[in-house]
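Peer 1: There's a structure below that I have some questions on.
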Amino acid sequence: MQRIAELRQQVRCWRAQQLTVSFVPTMGNLHEGHLALVKAAREQGERVVASLFVNPTQFGPDEDYAAYPRSLQADCARLEALAVDTVFAPSALEIYPAGIDGHTRVDVPALSGILCGAFRPGHFTGVATVVAKLLNIVQPDVAVFGRKDYQQLLVIRAMVADLALPVQVIGVPTVREPDGLAYSSRNAYLTPSQRALAPELYRTLTALADALRAGESNFALLETRGRGALEQAGMRPDYVEIRRGADLIEPHPGDTELVVLAAVWLGNTRLIDNIEL
Ligand code: PAF
């Protein structure tokens, strides 16, 4: 289904039958991580809508929008196999009829300029804008997102709260390959030798999380140690940070609900991951 009007008609029909609706927004090129989102959505709602839309406004001018892997047919088949009720795959014109520069934007200032937002200016405004629009189109009871994109999840939760959108946001734990690498569409960019190195990201975050659990509280020292380990493995970290899980503010010694986050470059591929404590 490609048109907003069609999708709305379908959802109206379900609503008339008092059915609950859950929604999984994706950019397609589905992997095990997405499938976990769909399974969670199935548990939460009687009908499931998934969207496939590579959102141009969340990519910077020098980023991989054009190269981003697109696999519409295979994605539809996978979603059908998981009994997703409706797949919404709109065109960019359907979502941004005024063009991407002229479109209304949704900004979550407290969270959008830090961590990934500092390295990808405008990224989270693009995410918040498209998610707000998709939520308005689908009007689901529940919307499901992955915890791998931890900062994105917090941006979306803040946007939903600030705009009083009537939807429950659910965060699903990260799904990993057997060697620990988090599933990501961008893993497809890795060469075999980069792929062999990539689990070092999760190993480094695990070592930092273990140190925190063991009572180490010199956050700056741990971050430096993490950066060093990643650089030694051949990665170029954008950041390695220990933050408060609730708001991504720098923690004080004694704070307990922490998250260790990192973004690294491996060749031309940017990978992110995190561990929540
Ligand atoms: O996480 C993603 O795949 C995207 O950022 C999302 C939430 C579908 C918005 O385009």
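The values are calculated or read from the model by the stated rules, or taken from the named source; none is laboratory data. None of these values were measured; they are calculated from a predicted model. Cβ atoms come from the backbone with ideal geometry, glycine included; neighbour counts cover every protein chain shown. We work out accessible area using only protein heavy atoms, side chains counted, and drop any ligands, DNA or RNA first. Shrake-Rupley method; radii C 1.70, N 1.55, O 1.52, S 1.80 Å.
Peer 1: Working from Cα positions, state the angle (0 to 90°, nearest 10) between the long axis of helix 4-16 and the longest principal axis of the chain.
Peer 2: Roughly 80 degrees between the two axes.
Peer 1: Please report how far the C-alpha centroid of the range 2-36 lies from that of the range 113-184, rounded to the nearest whole angstrom.
Peer 2: Centre-to-centre (Cα) distance: 16 Å.
Peer 1: Report the dimensions of the range 180-244 along its three principal axes from the alpha-carbon atoms, largest first, rounded to Å.
Peer 2: 37, 20, 17
Peer 1: Also, I was wondering about something else. Given 0.36 nm per residue, what is the gain on full extension from residue 32 to residue 8 after removing their alpha carbon distance, in nm?
Peer 2: Working it through step by step, the gained length comes to 5.8 nm.
Peer 1: What's the whole-number percent of alpha carbon pairs in the chain lying beyond 34 angstrom?
Peer 2: So the portion of pairs separated by more than 34 Å is 19 percent.
Peer 1: With every protein chain present, what accessible area does residue 221 have (1.4 Å probe, heavy atoms only), rounded to the nearest 10 Å²?
Peer 2: 100
Peer 1: Compute the long axis of helix 32-44 from its Cα atoms, compare it with the longest principal axis of the Cα atoms of the chain, and write down the angle in degrees, 0 to 90, nearest 10.
Peer 2: Roughly 50 degrees between the two axes.
Peer 1: When the solvent-accessible surface of protein heavy atoms is calculated with a 1.4 angstrom probe, in what order do 64, 255 fall, highest first?
Peer 2: Heavy-atom accessible area, descending, gives 255, 64.
Peer 1: Need one number: nm distance between label points at residue 98 and residue 176, each 7 Å from Cα along Cα→Cβ, rounded to one decimal.
Peer 2: 4.4
Peer 1: Taking H placed 1.01 Å from N in the peptide plane, check which residues at least 5 places from residue 28 or on another chain put their amide H under 5 Å from its amide H.
Peer 2: Close amide H contacts, sequence-distant or interchain: 53.
Peer 1: Whenever you get a sec, line up 4, 114, 137 from highest to lowest accessible area (probe 1.4 Å, protein heavy atoms). Working shown, then result.
Peer 2: Numbers: 4 30, 114 50, 137 10 Å².
Correct descending sequence by accessible area is 114, 4, 137.
Peer 1: For the pair residue 257/residue 203, report the inter-label distance in nm, with labels modelled 7 Å from Cα in the Cβ direction.
Peer 2: With each label placed 7 Å out from Cα toward Cβ, I get 3.3 nm.
Peer 1: Another question, if that's okay. Rounded to two decimal places and with Rh computed the Kirkwood way over Cα pairs, what is Rg over Rh for the range 1-87?
Peer 2: 1.01
Peer 1: In whole Å, what are the extents of the range 63-127 along the principal axes defined by its C-alpha atoms, from largest to smallest?
Peer 2: Over the range 63-127, Cα extents along the principal axes are 39, 28, 24 Å.
Peer 1: Next up: For the chain, take the longest principal axis of its alpha carbons; what is the angle in degrees between that and the long axis of helix 219-232, to the nearest 10 within 0 to 90?
Peer 2: 90
Peer 1: Taking the simple approach of a point 7 Å from Cα along Cα-to-Cβ for both residue 244 and residue 162, what is their distance in nm?
Peer 2: Output for this residue pair reads 1.8 nm.
Peer 1: How large, in Å, is the range 143-277 by the Kirkwood hydrodynamic radius built from its alpha-carbon pairs?
Peer 2: Details: mean 1/r = 0.0639 Å⁻¹.
This gives a value of 15.6 Å.
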